[in-house]
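The values are calculated or read from the model by the stated rules, or taken from the named source; none is laboratory data. Predicted model only: the values in this text are computed from it and were never measured. For neighbour counting, all protein chains shown are included, and Cβ atoms are generated from backbone atoms with ideal geometry for every residue, glycine included.
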Amino acid sequence: MTAQRIDGKAVAAELREKIAGAVAELGERHGLVPGISVVLVGEDPASKIYVGSKNRQTAEAGMVSTQHTLDAATSQAELLDLVHSLNDDPSVHGILVQLPLPDQIDSQAVIQAVNPAKDVDGFHVVNAGRLATGLPALTPCTPLGCVILAKHALGDLSGMEAVIVGRSNIVGKPLAQLLLRENCTVTLAHSRTRDLPAVCRRADLLFAAVGRPEMIRGDWIKPGATVIDVGINRIPTEDGKSRVVGDVAYAEAVETAGAITPVPGGVGPMTIACLMRNTVVAACRIHGVTSPLDS
Ligand code: NDP
């Protein structure tokens, strides 16, 4: 069997198109232009590339995107001042502070300083709590992208056995909550899980969010299962360069799975699209208008 390849680039492009339509509708009906502010501290090259893509894609969808680039030596107090001013700015509906932050700054203190209504990363405890208790929440973008891809491949997920490998606050845990909402039976595995291959083999839907290159082998996958690979790992190649691989051994998995996301080109492109979606949803909630994207 050769698995169907789930094309995250195409699904993300479709979502961005819907978002652009929603933005246009909000402008026409309510004079509302969703705005996101991205804060970058320091010169981390990967973060700079990522933030550049965010700015370009949000602007293409007709949203306002502003960037605040701060020196690597910025103090926590200076960063908190900026966050507070963005909280108070009515033209800003989404605030994203790019992680990782330099060592002198406590990331949690900054994340918790963002107004939960503008927390488009969905990392604030209020949004985590709302998600866990089934209330409307701003949901972390990568897990949201994973669920959209799974539904794209399978339709209704109700009753499915879902296994997530990785229990981080930004991927594994919120993904578990989202899959419970979809009526999956959810197992959250981690580094202390006993007999991980056997646990993975139970899954109709297997999510890998570990950060270990190609750790999940082909014979850990139930024949016909859908595999969503969140991992982004850069590994050296023989010619002295490098390439990006996921947490799943793709060449093996593709022989057993029913459908699988590639890396790159799977979950990655969905993250920014979901960030844009969250900004539209946040703008609508703040202004008390129905979001064209909620349904
Ligand atoms: P974290 O390092 O925060 O969490 C990794 C998780 O994997 C932990 O729960 C850890 O378990 C678990 N784990 C580590 N080793 C093993 C093992 N040998 N067996 C079983 N479980 C293990 O990672 P993130 O959640 O932040 O990221 C995971 C991956 O997803 C990374 O490759 C990252 O680059 C990628 N990523 C991709 C994004 C995208 O946009 N596509 C966005 C965010 C992340 P324990 O808790 O017990 O330590």
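Within the stretch 204-227, being among the aliphatic types (A, V, I, L, M), more than 10 Å from the ligand (Cβ to nearest atom) and assigned to a strand (DSSP E or B) holds for Leu205, Leu206, Val227.
Exactly one residue out of Ala59, Ala77, Ala3 is surrounded by fewer than 13 Cβ atoms within 10 Å (Cβ to Cβ) and either under 29 Å from Lys151 (Cα atoms) or among the aromatic types (Phe, Trp, Tyr) (or both): that is Ala59. A single entry from Val244, Val280, Val263 fulfils the requirement of being among the hydrophobic types (A, V, I, L, M, F, W, C) and away from the ligand (no atom under 14 Å from the Cβ): Val280. Return yes when Ala198 is within 10 Å of the ligand (Cβ to nearest atom), at pLDDT 95 or above and of a type in the set (Gly, Ala, Ser) and no when it is not. When the stated conditions are applied, Ala198 does not pass them.
Restricting attention to the stretch 150-169, and to residues there that are surrounded by fewer than 20 Cβ atoms within 10 Å (Cβ to Cβ) and farther than 20 Å from Gly268 by Cα, which single residue is farthest from the chain's Cα centre (by Cα)? This residue is Gly159. Reported count of residues in the stretch 174-195, each being assigned to a helix (DSSP H, G or I), out of contact with any Leu (no Cβ under 7 Å at 6 or more places or on another chain) and either within 11 Å of the ligand (Cβ to nearest atom) or modelled with pLDDT under 95 (or both), is 1. The single condition from (1) in a strand (DSSP E or B); (2) more than 14 Å from the ligand (Cβ to nearest atom) that Glu252 fails is (1).
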